[in-house]
Structure formats: C-alpha cells, structure tokens
Amino acid sequence: MTSIKKPVMVIAGLTFLAMFNQTFIVPSLKEVIIDRYDSTAAMASLFVTVEMVAYMIFGVVWGAVSDKRGERRIFIVIGFFGSALLYYTMSLAPDVTTLLALRFVQGALTVMAWSLLMTLALDIAHAKRYGAVMGAVGTGLALGIGFGAPIGGLVGDLGPLYPLYAASALFILAGVLAFVFLEDAPIKNKPESIATALKFVAKDRRVLPPFMFGFAERFSAGYLVFLLPLYLAYEFDAEPSVRGMYLAAFLLPFALLQYPFGKLSDKRGRIPMLIVGGFAYAVMIGLLGYVGQAGMAILMATSGAVAAMLLPASLGLLGDLTPKGEHATYMGGFNALGSLGFAVAPPLAMLLAEWGGYPAALAIGGAIIGLTVLASVPLLRGPRGQVREATR
C-alpha cells in the first residue's frame, strides 16, 4: 500500500479502531449482561441489535448533516469522544434497560465516526482511484472486526467490565488521533438542505447496486459469524479454537486482498468484478454445509478471497456515481443497508437452522446473496463512472 496517500492510511487505521471496538465486547456479553443483571440471552442479543438499529437510523442522518455543513472531521472527533463517554457510562448502568438505552446512543455516535471516516476517504481520493482507496480502508475495517473479538475475550477474562473500560480508552485514543491528523477535503456543490440530500438518496436508483452489495456483504458476515461456529460445534464437535480458525481462514484473505482487488477494479472496471464475484461468492456460501470439514476450510479461504472483490468494488462504484458534495449522505445509506443485513442475518440463520438443519440454512443464505446479486444486474448496466447529475 506504499502508493496510498498518508491521510488514507490514517483513515484506515482509525477505521480499524472503530471496527475493533464493534466486536471487542461481544465475547463478554454473558458476563456484562446475563450474569451482571440476572438477565436472559435474548436481552444480551438486543445489545447487538440496538446498535445496528442506531446505525440504520443515524448513518444517513449524520451523512446529510455533514454534507450540508461541508465538514467531516468535527463529526468524526465528536463521534469518537462521544462513544468513549457512552462506553464508560454503560459500566455504571443500574439495570439492563438503561444499558440498552445507552447502547443505542453509543451506536448513533459511533456510526457518525466510522461512516464519515469512510466518506472522508472518498472525498480525498482521485476519481480514478476510488477502488484502491476504499480497498485500503476496507482492510482496516475487516482487520478491526476480526481482531476485536479474540482480543476482547482476553480482556474479558480480567473482569466483566474491563472490555467496557478498554473500549472507552480506545475511542479516546481514536478521538485524539482524529483531532490531530485528520483534515477536511474541500467540498463543492453542497446540497441546499438536509432534506434535499435525503431526497436524492431516496430517488436515485443508480446507486441501488452498491447499496444492495453492501447489504449482501454485511448479511453474509453476520450469517457466517453466527451460524458457522454453531454448525462446527454441534455437527463436528469442534472446539472453540477450531471454530476460530475457520473464521480466520475467511478473514485473512478477505482483509489482505481488498487493496489489490480495489486497484484492479480501478483498472478493469467495477461491474464485472461485482457480477462474477457476487455469484461465485453466493455459490461458495451455499456449498459450505455439503463439503465436510476439509472442504469447508478450503471454501472459507476461497470465499474470503472472492468477498474481498466486493467491498472495494461496490464502494468504488458508489464513489463513481456520487458527487463529492453528497458523499456522506450516500455513504450513510450504504452503511444503513449494510447494518440492516448484519442485523437480520443471525435471527434468520437460527430460524432456518432449526427448520431445515445447518446445511440447508447455509444453502438458503447463499441463495439470498445470489438473488440480491441477480436483482442488481439490470441496474448495473451503463458506463462506469457515470455521475448522478442527470437524475436531478
């Protein structure tokens, strides 16, 4: 990544911290919620759900506000410091209802930071390098999500509240780094109002394909992270360490190949990568339950590599189709659909597994991804890099 500008590397590093904190506390949910408040597993699951709901609601809202103001940095800094305060405050919550309310506010502040970080990367990228830049940011995103859970588990062994304290400290660090190192890029053609920005997102059908791929990619992540470890545990009696290795087999190529695939999408076009990669990815996910443990390990690695095509290409296409003055609103929409995918995946996966078994659930999950790709194909037609002014 030596050819990527230093500001993009800073953004990728801050994205790593934001996503690291997203999964950091998950291994300790039993101690933080169930044991601490004598609560239920359903309430513990709501701890994840309410954050996703906040992401869906506020991702687009903060984006529209940021576009209208023509600023990113101040919102990113506020989002990080606000998240730090909320994580610490959650350690003081007297009951689970208060905890979940604080979690919702924290989600609203956290999505302000990381969605606008991704927006800032588009702002400073040259139009012909959207794929490479978003590939670098996607690497930080994937590595953060992947390393957050195992390291958070180690911290949780020290005490049930230590993950909350550590997450607060990490967000303070991210806020300081953002304040010192980030700079806003000049933004022209700001929307007339917040309502105007939101209206264009709602009516612009040409950005539906990257939105749909954002949904499919995050849906598959939530589906695999929830369902695959259970499948390995119940069907193959796999130990937790083995389950983690299978997830790592997906994560490593997914993280490390995003930048080269992003560069390739800049040179060869986004649409072929999205169509071919999307259908191949759907087939691989659908076959996971029918190939045995050895075949599953191979498919996890290859599907991780193919998935690395999708995120930078879809974000690059979003950059191609969105004027710089409205990047944040559209990025908010992209992340809102992605958060919806991540939120609905675990309960759907569990219902399907109880109904038809784990292999069938994985096959249906792959089919859902494939149908999403198929629905996007007619909308992907048109010259690469076509901008949106014609729709106004």
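The values are calculated or read from the model by the stated rules, or taken from the named source; none is laboratory data. The structure displayed is predicted, hence computed values, not measured ones. We place every Cβ from the backbone using ideal geometry, glycine too, and count neighbours over all the protein chains shown.
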- Query: Just to be sure, is Val53 surrounded by fewer than 20 Cβ atoms within 10 Å (Cβ to Cβ), assigned to a helix (DSSP H, G or I) and not polar (S, T, N, Q)?
  - Reply: yes
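Inside the stretch 34-59, can you point out the residues that are aliphatic (A, V, I, L, M) and at pLDDT 85 or above?
If we filter the stretch 34-59 for residues that are aliphatic (A, V, I, L, M), which is where we start, we get 34, 41-44, 46, 48, 50, 52-54, 56-57.
Within the stretch 34-59, Val50, Met52, Val53, Ala54, Met56, Ile57 qualify.
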- Query: Is the stretch 250-266 home to any residue that is hydroxyl-bearing (Ser, Thr, Tyr), out of contact with any strand residue (DSSP E or B) (no Cβ under 6 Å at 6 or more places or on another chain), closer than 27 Å to Trp355 by Cα and surrounded by 17 or more Cβ atoms within 10 Å (Cβ to Cβ)?
  - Reply: no
- Criterion (part of a helix (DSSP H, G or I), modelled with pLDDT of 95 or more and touching an Asp or Glu at 6+ places or on another chain (Cβ under 8 Å)) met by exactly one of Phe171, Phe104: Phe104
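Checking the condition at pLDDT 90 or above, in a helix (DSSP H, G or I) and closer than 30 Å to Thr119 by Cβ, which residue from Met331, Met309 passes? It would help to see each step written out before you state the result.
On the way: Met331 fails: at pLDDT 90 or above.
Only one candidate qualifies: Met309.
Please pick out the residue among Ala238, Ala294 that is modelled with pLDDT under 85 and either in contact with a Cys (Cβ under 7 Å, 6 or more places away or on another chain) or surrounded by fewer than 22 Cβ atoms within 10 Å (Cβ to Cβ) (or both). Quick ask: steps written out before the conclusion?
Values: Ala294 fails: modelled with pLDDT under 85.
Within the list Ala238, Ala294, the selection yields Ala238.
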